[in-house]
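Here's the structure we're looking at; comments come further down.
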Amino acid sequence: MTMRLVDALYIEAMVLADETRSYFDGPGRAERDALAPIARVTFTCESLKVTTRLMHIIAWLLTRRAVAAGEISECEARDPSRRPGQIADAGAGDLASLPDAAQALVLASDDLYRRICRLDAELDQPAPASPARGLIARLENAF
């Protein structure tokens with residue numbers, strides 16, 4: 001994993017966090033208030049999950065930056081407290097009851113979170129003997 005990738009993901013996460021804050025603090029409030037009571041509860045739960053996902057993502061990316069800067073060791077970065085936690089997915093039925101903008105934020109945060117989790121899992125894999133073998137292994141795993 002390169003710092004270029006970490007930096008790009010960090011920018012993506014920060015933009016998504018800003019969009020999320022803007023929506024849930026602004027038009028999201030009015031959209032939530034217009035929902036049926038059970039849908040309002042779902043909306044609130046999903047907004048908390050989005051926020052939690054983003055906090056886990058940003059913390060993980062800051063940890064990767066700290067490793068690259070030599071501020072912490074790779075061993076410290078692999079401590080479970082510095083790795084992405086488990087966050088429940090939204091059910092398809094739950095998402096369907098949300099406004100389109102909320103659905104988009106839930107799905108975008110979930111997609112980014114899954115990518116971060118895949119990158120985190122790759123850190124536990126032994127380094128390939130050569131870059132070519134590593135590429136072949138990645139291709140085999142992808143298909």
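Before moving on, here are some points about what is shown:
- As a rough guide to protection, the peptides 17-28, 50-61, 74-85 ranked by mean Cβ packing within 10 Å, highest first, stand as 50-61, 17-28, 74-85.
- Dimensionless Rg ratio for segment 61-124, taking C-alpha atoms and the 2.2 N^0.38 Å reference: 1.43
- Within the chain, helices built from complete DSSP H runs that reach 18 Å or longer along their own axis (Cα positions) and carry a mean Kyte-Doolittle hydropathy of 0.0 or higher are 3-25, 37-68.
- ³J(HN,Hα) computed for each position of segment 78-86 - Karplus, 6.51 cos²θ - 1.76 cosθ + 1.60, integer Hz, glycine/proline x: 8, 4, x, 6, 9, 9, x, x, 8
- Volume per residue for segment 6-64 equals 57 cubic angstrom (convex hull of Cα atoms).
- Neighbour-count ranking [beta-carbon atoms within 10 angstrom, fewest first] of S130, S97, S109: S130, S97, S109
- Principal axis extents of the C-alpha atoms in segment 3-142 (largest first, rounded to whole Å): 57, 34, 24.
Values in this text are rule-based calculations from the coordinates and carry no lab data. The shown structure was predicted, so the numbers you read here are calculated from the model rather than taken from an experiment. In this analysis, Cβ positions are derived from the backbone assuming ideal geometry, glycine residues included, and neighbour counts consider all displayed protein chains.
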